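What follows is one structure encoded as structure tokens, with my remarks underneath.
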Amino acid sequence: MTEAKRHRSDTKMVPVPSQSIVPERDVNELPVLETRHLGIEFGGLKAVDDFNLTIGKTEIAGLIGPNGAGKTTVFNLLTKVYEPTSGVVLINGKDMHGMSIVQASRQGIARTFQNIRLFDKMTVEENVRIGLHNKYKYDMFSGILRLPRYWIQEKRQHERSMELLDIFGMQDLADKQAGSLPYGAQRRLEIVRALATEPKLLLLDEPAAGMNPHETEELMENIAKIRDRFGIAILLIEHDMSLVMGVCEGICVLNFGRVIAKGTADEIQANPAVIEAYLGKRKEAEA
Amino acid sequence: MSFLELLINGLRLGSIYAIIALGYTMVYGIAKMLNFAHGDIIMVGAYIAFCGIQNWGIPPVPSILLAMLVCTVLGVAIEGLAYRPLRQATSLAVLITAIGMSYLLQNTALMIWGANTKSFPTTFINNSSISVGELTIPSATLITIAVNIVIMVSLTLFTSKTKTGKAMRCVSEDRGAAELMGINVNRTISLTFAIGSALAAIAGVLMCSTIPSLAPTTGSMPGIKAFTAAVVGGIGSIPGAMLGGILLGVVEIFGNYYISTDLGDAIVFAVLIIVLLVKPAGLLGKPMREKV
Amino acid sequence: MTKAKRKRLIYNLITFALVIGAYFIIQNMIAEKTISRLLKGLLVPICAWIVMAVSLNLVIGFSGELSLGHAGFMCIGAYTGTIVSGWLLAAYDMQDTTLRLVLAIVSGGIVAGVFGALIGIPVLRLRGDYLAIVTLAFGEIIRNLVKWLYVGTKDGELCFSFLNKDMPKGVKMLVDGAQGTKEKIISTFPAGVILVLVTLLIVLNLVNSRAGRAIQATRDNRIAAESMGISVTKYKMMAFVTAAVLAGMAGALFGLNSTTVEPKQFSFNQSINVLVFVVLGGLGNVLGSVISAVFLTVLPEVLREFSDYRMLAYAVVLILVMIFTNNPLIRSFVDRLISPVRALFHRKKDTMPGGDLQ
């Protein structure tokens, strides 16, 4: 990894009780996410087990591990697609037990998906407007009768959508059908849509998948930009190590559903358990 | 009528529904479409058998075989001409085409055989009965139930033991992968339609032996009911079709007797709704888990 | 105004203009007596079928759910409308047919809407094909139940009876079991057109609003919609119940357009009929539903001359149209034929920024 292109903010990370680390600046703030012994079992198979993680209010955190380690399952647990069979998830201190996906969204958690889930048949702007659904409201009857509230809120939605699209240079694409965009633009749109919900924690599931180094570079800048501009925390699942090591402040490594290491980029890279998980055990009698 | 007699009648009607439902469920499972015209193929089968026995003086068994042959050819032809061009289309487009095909069959039958209800000859099958204890069971009932069991067992063996049967299961799970494995998908789907249509012909004959009136619209309602039976059992599942068919037949007979003949149909549909509310994927269906 | 918004506005205006324009042309034809008796008799039914098609499009095209029992709501509306009209006449001596019609239509819509809500709650949880079969089942149940409904008025009071015709002497029957409804004709073509316009207003405005986007999001990607904080059940219900209300109103209009209307006119065959209108007109295409409803209602009647073969021809045409519009090979063939014509209309080719680099 070249020294020149490091975006890592060299944040000082301090430890907190749950064996996690958070950025020093967030130490006195309520962590945006805290999981305690979180786990889910599918008919005897523990897909995720004893997962403990704390993420600081403005932290950019990474969740890595080999394929099938359970990373997306963790996301699904955090967004209440799955209800955990053990443990607790706290968003801004609030216990998410029993919540539905919709309720979780209202608590301030937003995500993108590994296999892009856009509203293909709707336009780019409409996709973003869906993210604004709970921000600028008016009821069905105001809509049908075109009462003043309709016009006011629609205008606000339009302005805010364009503002968000502008941040990512996508405002020219506003009227294009989402399904017709090139892959990279679709991924960016998913992020914009998630941001529209004004989350406190943004979950990105393999945002760099299918990107070339230049695009990944741009993504790193965008992620840092998002955190700086919106003051939110970001948790990303990624396989692209340059992205993870470049932008993540705290990293958690998962294998077979369990945490095998937590720390800063330097610590993780030197951790033998992590190396073994990715590269396999060194053969003993080789010489 | 005693409880046992009702039950046996229910099994008879249910067997017929089960055979029809099998055709629906196989086509749905493998070709991923709802063949709305299936009920009308039943009608065609019944008419051919009718013509054979009544008009052409062919003995009953060859007539039935003739009906099966005609329906098989018809089913394969329909698939090749109307459904295959729409393999890539949305399922709704295929459904509408199937509906059009259903109208086509009904109106062609109308043209050929006229609108008057024909009386299906039942003597060849109803001429004897067996007494078990206090019950007198017409042989037709036993034949119907037996035929159903034979079909069910053969189909289960076929799909699990034979190469072609396994190919059918592959196509139903993942058509793309099946093709990559060298399975001739077109032939497999055609075969599915062939089997389903042959079964429809048998069902047509059995049905008209139970309820001897035959008209171009005769296949429509049983088709719908059998379709609901397939769904109740879990669409795509062969044992499910059997279970759903029998259940619906029994419910219809009991409903007609204990509650009201006139509300028979309504009761059948009400039961369907209740089952699906409790088990949204059908009795033996597997709930599809979407990967998030 | 953005380009997309402008296109939408023009589309909506064309839809309204078409209906209003057609109304005036037809009114003129009625006045000049140039309209055929066949077409005149179809005017109110056409309005009813337009409303049915547009409302079903809301469920199938915009909400993405296959409902095969839409005729059931029409049935409820027809029966409710008949009962209300008969009762208003008997109990309040309401001679004003326009007022009776309006009240009948509104009550038909409300009652159908209530049934829509009751049915929707359990049904909308089900997966696609299962939902289809359950809606079909409900449609059949409704039709079967009204076959055994008896309603009449005597001395200004309503009398009900179910399964057995248990009516007091001298009662005036409104609903007579399998024989259907019995009531004077009070539907009019202008009323039908107004209903169509109201339907278009409701559906087009709903679809182009926050709720409409939410409904379409639940169609395009259920899990993503939920992740954005949109309650899928709420919005699917919204589409379903709105469609039921509209279908009920159409039913009331339709029911009060004949002295008698039988239960078998609301069989699943009718639901299938409306489904064909919607699919042929284009899912999510309101204008398309209007056109196909008109066309496909008039066509079989016009073909009556070839009476024996007309349904056969209809079936063949339907199959051919579906194959031609859905098979990619045939479509590209047709597209190549049309492209010179299309080139005349597009001056500058629409390219995306950086669209060539993938």
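To keep it simple, each residue is scored yes or no on (1) away from chain B (no Cβ under 14 Å); (2) under 22 Å from residue C:244 (Cα atoms).
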{"position": "C:126", "(1), (2)": "no, yes"}
{"position": "C:141", "(1), (2)": "no, yes"}
{"position": "C:153", "(1), (2)": "yes, no"}
{"position": "C:157", "(1), (2)": "yes, no"}
{"position": "C:162", "(1), (2)": "no, no"}
{"position": "C:177", "(1), (2)": "no, no"}
{"position": "C:185", "(1), (2)": "yes, no"}
Any idea how many residues of region A:13-46 are touching a Leu at 6+ places or on another chain (Cβ under 9 Å) and not in a loop (DSSP other than H, G, I, E, B)?
8
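Taking only region C:329-358 into account, find how many residues are away from every other protein chain (no Cβ under 14 Å) and modelled with pLDDT of 50 or more.
Going through region C:329-358, the residues away from every other protein chain (no Cβ under 14 Å) turn out to be C:335-349.
Keeping just the survivors that are modelled with pLDDT of 50 or more gives C:335-346.
Result for region C:329-358: 12.
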Could you please find all residues in region C:210-221 being in contact with a helix residue (DSSP H, G or I) (Cβ under 8 Å, 6 or more places away or on another chain), closer than 20 Å to residue A:113 by Cα and facing chain A (nearest Cβ under 9 Å)?
C:214, C:216, C:217, C:219
Considering every residue within region A:220-239, establish whether at least one is buried (at least 17 other Cβ atoms within 10 Å of the Cβ) and farther than 13 Å from residue A:60 by Cα.
no
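Quick test for you: out of C:245, C:290, pick the one residue that is of a type in the set (Val, Ile, Thr), modelled with pLDDT of 95 or more, touching a Gly at 6+ places or on another chain (Cβ under 7 Å) and in a helix (DSSP H, G or I).
Working: C:290 fails: touching a Gly at 6+ places or on another chain (Cβ under 7 Å).
Every option except C:245 fails the conditions.
Can you confirm whether region C:91-104 contains a residue that is within 12 Å of chain B (Cβ to nearest Cβ) and surrounded by fewer than 24 Cβ atoms within 10 Å (Cβ to Cβ)? Quick ask: steps written out before the conclusion?
The first filter runs over region C:91-104 and keeps only residues within 12 Å of chain B (Cβ to nearest Cβ), leaving none.
Within region C:91-104, none of the residues are within 12 Å of chain B (Cβ to nearest Cβ) and surrounded by fewer than 24 Cβ atoms within 10 Å (Cβ to Cβ).
Going by the structure shown, is residue A:54 touching a residue at least 24 places away in the same chain (Cβ under 8 Å) and assigned to a helix (DSSP H, G or I)?
Details: touching a residue at least 24 places away in the same chain (Cβ under 8 Å): yes; assigned to a helix (DSSP H, G or I): no.
For residue A:54, the condition - touching a residue at least 24 places away in the same chain (Cβ under 8 Å) and assigned to a helix (DSSP H, G or I) - is not met.
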Restricting attention to region A:187-201, which residues are buried (at least 21 other Cβ atoms within 10 Å of the Cβ) and not aliphatic (A, V, I, L, M)?
A:187, A:188, A:190, A:193, A:197, A:199
Of the residues that sit in region C:105-130 and are more than 30 Å from residue C:220 (Cβ to Cβ) and not polar (S, T, N, Q), which one is surrounded by the most Cβ atoms within 10 Å (Cβ to Cβ)?
C:108
Exactly one of these conditions fails for residue B:284: (1) assigned to a loop (DSSP other than H, G, I, E, B); (2) within 13 Å of chain C (Cβ to nearest Cβ). Give me its number.
(2)
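If I ask for residues that are in contact (Cβ under 8 Å) with a residue 12 or more places away in the chain and facing chain C (nearest Cβ under 7 Å), which ones from region B:75-99 would you list?
Taking region B:75-99 as the starting set, the residues that turn out to be in contact (Cβ under 8 Å) with a residue 12 or more places away in the chain are B:75-76, B:78-80, B:82-84, B:91, B:94-95, B:97-99.
The answer is B:82, B:97, B:99.
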Any chance region C:36-49 includes a residue that's among the hydroxyl-bearing types (Ser, Thr, Tyr) and in contact with a helix residue (DSSP H, G or I) (Cβ under 8 Å, 6 or more places away or on another chain)?
no
Residue match in region B:236-244 (condition: more than 13 Å from every other protein chain (Cβ to nearest Cβ), touching a residue at least 24 places away in the same chain (Cβ under 8 Å) and touching a Phe, Trp or Tyr at 6+ places or on another chain (Cβ under 9 Å))
yes
Can you tell me which of C:224, C:191 is part of a helix (DSSP H, G or I), more than 14 Å from every other protein chain (Cβ to nearest Cβ) and either at positive phi or in contact with a helix residue (DSSP H, G or I) (Cβ under 8 Å, 6 or more places away or on another chain) (or both)?
C:191
If you go through region C:141-162 one residue at a time, how many are closer than 16 Å to residue C:79 by Cβ and not in a strand (DSSP E or B)?
8
Determine the pairs where a residue that is more than 8 Å from chain C (Cβ to nearest Cβ), located within region A:169-184, has a partner that is of a type in the set (A, V, I, L, M) and surrounded by fewer than 20 Cβ atoms within 10 Å (Cβ to Cβ) with Cβ atoms under 6 Å apart, the partner being 6 or more residues away or on another chain.
A:171/A:162
Determine if region B:60-68 includes at least one residue that is surrounded by fewer than 20 Cβ atoms within 10 Å (Cβ to Cβ) and touching a residue at least 40 places away in the same chain (Cβ under 8 Å).
yes
Pull up region A:220-244, narrow it to residues that are among the small types (Gly, Ala, Ser) and at pLDDT 90 or above, then point me to the one that is nearest to the chain's Cα centre (by Cα).
A:233
Can you tell me which residue within region C:312-328, out of those that are within 8 Å of another protein chain (Cβ to nearest Cβ) and among the hydrophobic types (A, V, I, L, M, F, W, C), is nearest to residue B:93 (Cα to Cα)?
C:322
Any chance region C:210-218 includes a residue that's buried (at least 21 other Cβ atoms within 10 Å of the Cβ), part of a loop (DSSP other than H, G, I, E, B) and modelled with pLDDT under 95?
no
Listed residues A:195, A:147; which is touching a residue at least 40 places away in the same chain (Cβ under 8 Å) and more than 8 Å from every other protein chain (Cβ to nearest Cβ)?
A:195
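Is it true that some residue in region C:236-244 is of a type in the set (Val, Ile, Thr) and within 14 Å of chain A (Cβ to nearest Cβ)? If you could, list the steps in order and put the result at the bottom.
Step one: filter region C:236-244 for residues of a type in the set (Val, Ile, Thr), giving C:241-242.
Add one more test, that the residue is within 14 Å of chain A (Cβ to nearest Cβ), and what stays is C:241-242.
There is at least one residue in region C:236-244 that is of a type in the set (Val, Ile, Thr) and within 14 Å of chain A (Cβ to nearest Cβ).
Does residue B:188 satisfy the criteria of being surrounded by 13 or more Cβ atoms within 10 Å (Cβ to Cβ) and more than 29 Å from residue C:316 (Cβ to Cβ)? Quick ask: steps written out before the conclusion?
Working: surrounded by 13 or more Cβ atoms within 10 Å (Cβ to Cβ): yes; more than 29 Å from residue C:316 (Cβ to Cβ): no.
Answer is no for this residue.
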For region A:67-121, name all the residues that are among the small types (Gly, Ala, Ser), more than 14 Å from chain C (Cβ to nearest Cβ) and assigned to a loop (DSSP other than H, G, I, E, B).
A:68, A:69, A:70, A:93, A:98
Report, ordered by the first and then the second residue, all pairs with beta carbons closer than 6 Å, sequence separation of six or more or different chains, a first member in region C:269-287 that is within 12 Å of chain B (Cβ to nearest Cβ) and part of a helix (DSSP H, G or I), and a second member that is hydroxyl-bearing (Ser, Thr, Tyr) and surrounded by 19 or more Cβ atoms within 10 Å (Cβ to Cβ).
C:277/C:292; C:278/C:289; C:280/C:292; C:281/C:289; C:281/C:292
Qualifying position, being modelled with pLDDT of 95 or more and either over 27 Å from residue A:54 (Cα atoms) or more than 7 Å from chain C (Cβ to nearest Cβ) (or both), among A:134, A:127
A:127
Need at least 2 residues that are over 18 Å from residue B:208 (Cα atoms) per element, so show me which helices (runs of 4 or more DSSP H) inside region B:21-133 make the cut, counting only ones lying wholly within it.
B:60-78, B:91-113
Among B:49, B:109, which is more than 9 Å from chain C (Cβ to nearest Cβ), within 21 Å of the chain's Cα centre (by Cα), surrounded by 21 or more Cβ atoms within 10 Å (Cβ to Cβ) and within 16 Å of residue C:315 (Cβ to Cβ)?
B:109
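The values are calculated or read from the model by the stated rules, or taken from the named source; none is laboratory data. As the structure is a computational prediction, the values presented were derived from the model and not from experiment. Glycine gets a Cβ as well: all are built from the backbone with ideal geometry, and neighbour counts include every protein chain shown.
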